[in-house]
Structures are given as structure tokens and as C-alpha cells.
Amino acid sequence: MDWLTSFLLIFAAEIGDKSQLVCMALAVRYRALPVALGAISAFLLLNTLAVVFGAAIANWIPELVISILVSLLFLVFGIHSLRVVDDEHLDDSDIKVKSQHHIFFSTLLLITLAELGDKTQLAVIALSTQGIPLEVWLGSSLALATTSIMAVWAGRTILQRIPIVLLHRASGVLFLLLSLLAAYSAYLAFE
């Protein structure tokens, strides 16, 4: 079940994120397939690093400390998502793609840099400390691949019908609920 929890959390957190906006902007200007493959490759790399790091942390730090840290981390993510304003957008000047031949690598680099240390990567690390690392990797990778494909193929349609603020608020509520679950886990570990 760790894969499903990871999928749902990361999917909700990634909707409307800057990496999706990068994918949409690139897909408007360039072929969709290399943009999608570049984004998915970046997320596979980042999730691998996050899961390995999270699993290593889980072996060194007591469960109580991890549960408290995860709860606080999700609380911060939830509050941040609820406070996001609807004027976030990507300016074309943020996209630096040199030629059609480098779309895949440009997307890979842009997404890797945009997501390094982002809330979704930190969430994957946190989930890895408490779940089965392979399942967390699978769920989070599927979620990020799905959101990347959505951004490339249907992102504009979704964003025209559903306000981005609503998507951020939904992910904020999900993070707050997960914060409560992690706090409960910390309470159980304390007993």
C-alpha cells in the first residue's frame, strides 16, 4: 500500500507545480515525446536519489524522531500549499532551450534543477523513511510520470477548467492530513 499512498500524495503535490508548467511551455514549442521522456527521466533520477537517501536516514535515526520530522515537514508543506496565490506562472524567459536536437536533455536538466530539493522530492524522502523504499519509488515515479504526461498532453485544458489555486489547496489539505497521521505515528512510537 506504500506505492498507492506515495502515488496519491505526490500526484496531488505535483499538480500545478513549476515542473508541470515547464513541461507545458516546452510542449507548446517542441515535440511532445522528447519533452515527456526528458521530464520522466528527470523524475526517475530524482526519486531514486530521494528514496536511497530516505532509506539511509531511516536506518540511522530513531522512528520517533523520524515521525516527528515527517509530521512537521508535511505540516509545513500543507500550510505552504494553502497559502499559494494564483499568480504563479511561467514566463517564456525561464525556458532556455537551444535547439530542437536537445529537447530531451534540456527538459531533463530543467526539471532536475527545478525539482532538486522541491517539496515533492522532500516528500519522497519522508515517505521512504517510513515505507517500503521500492514501493515509495514506484508510486512516486508513477505519479510524476502521470503528471508530466498530463502537463505535456492535456495541461492547458485542465488548467483552463480548474483554478490552480483549488489544486494547490487540495494538495495542502492532503499534506495536513498526512501530517496528522505522521504525528499519530510519532505518538505510537513514543508509548
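The values are calculated or read from the model by the stated rules, or taken from the named source; none is laboratory data. Not measured: the values here are computed from a predicted model. With ideal geometry, Cβ positions are generated from the backbone for all residues, glycine too; neighbour counts draw on all protein chains shown. The accessibility values were calculated without ligands, DNA or RNA, using every heavy atom of the protein model including side chains. Shrake-Rupley method; radii C 1.70, N 1.55, O 1.52, S 1.80 Å.
A few remarks follow.
- Charge sum, other residues only, whose C-beta stays under 15 Å from Leu127's C-beta, Lys/Arg counted +1 and Asp/Glu -1: -4
- Residue by residue, segment 30-35 carries 3J(HN,Hα) couplings of 9, 4, 5, 4, x, 5 Hz when phi is fed to the Karplus relation 6.51 cos²θ - 1.76 cosθ + 1.60 (θ = phi - 60°); x denotes Gly or Pro.
- Segment 1-70: C-alpha gyration tensor shape, a/c 1.5 cut-off, then a/b vs b/c: prolate
- Solvent-accessible ranking of Glu135, Glu115, Glu63, largest area first, probe 1.4 Å: Glu63, Glu135, Glu115
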